[in-house]
Amino acid sequence: MRFHKHSAAFWIAAALGLLLLLLAPLAVSAEEAHGPAGLRERHASLAPQLADNPFGGPVVLQSDESARRIDGDVYAVVEHPFAAVSGALSDPAQWCDILILHLNNKFCRRAQEQGMTRVDLRVGKKHPQSVQAASLLSFTWRPPVRSSDYLSVRMEAADGPYDTRDYRLLVEAVPLDANRTFLHMGYALSYGGASDFAMRVYLGTIGQDKVGFTRTKAPGAGNDGFVAGMRGVTERNTMRYYLAIDAYLDSLSTPAGQRLE
């Protein structure tokens, strides 16, 4: 399907593409944090999946969809000392360095307002776009919980563009040994009727080939058995955000002036 840039269909498709991004970080259940003991138990229970999965590394991706609510989780073992992970992910300014790695994120800054810290994100299209034309998604930064063997970070946004709301972003981590950390990233959001309709249109037309990583049917079935629809979109985009975190942690061994090269 091709759209002329002046047609109504073109602008509908553009809006749907932005909505797709807003539903992107999806896969990170914003439930209560496991806590240090609970996260270690989770690591033990996921040991078989961490050792054998389609990603070729110690990563487990889970997602869920309920009535106009999407959430999910990424659990992963990262090859970085806990102190480095905790120092990076407990700093809201460094979160901007992480989030800006996604092509659709045009701008990010840490801001202070009435004693509260915010992480303001501008999201837009993949091609070049002015910051002013991108949509605002403003997260409230909650004070992190930090100790020598546990980190918990939470961000929340009451409202987002295109009838989305109730965003919750959670990251927690525990050390496994001197050089490895077990990381849990959870993300969730709710969406209203307008967003629901727009996504159904998108996924029924130009986005119908978007699939995730979880097989819900035998190979050879439609989409080779991989989950499609909203959950498929969720899983694809969640993985992108996890990879942004991992790439940023990898970059910390490089001098600051060379990290974007």
- Note on the structure: Once both label points are put 7 Å beyond Cα along the C-beta direction, the ALA256-LEU176 separation in nm becomes 3.0 nm
- Most exposed first, judged by fewest Cβ atoms within 10 angstrom, ILE98, ILE70 run ILE98, ILE70
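Each reported figure results from applying straightforward, stated rules to the coordinates on display, with no laboratory input. Fair warning: this is a prediction, and the values are worked out from it, not measured in the lab. Note that each Cβ is placed from the backbone with ideal geometry, even for glycine, and that neighbours are counted across all protein chains shown.
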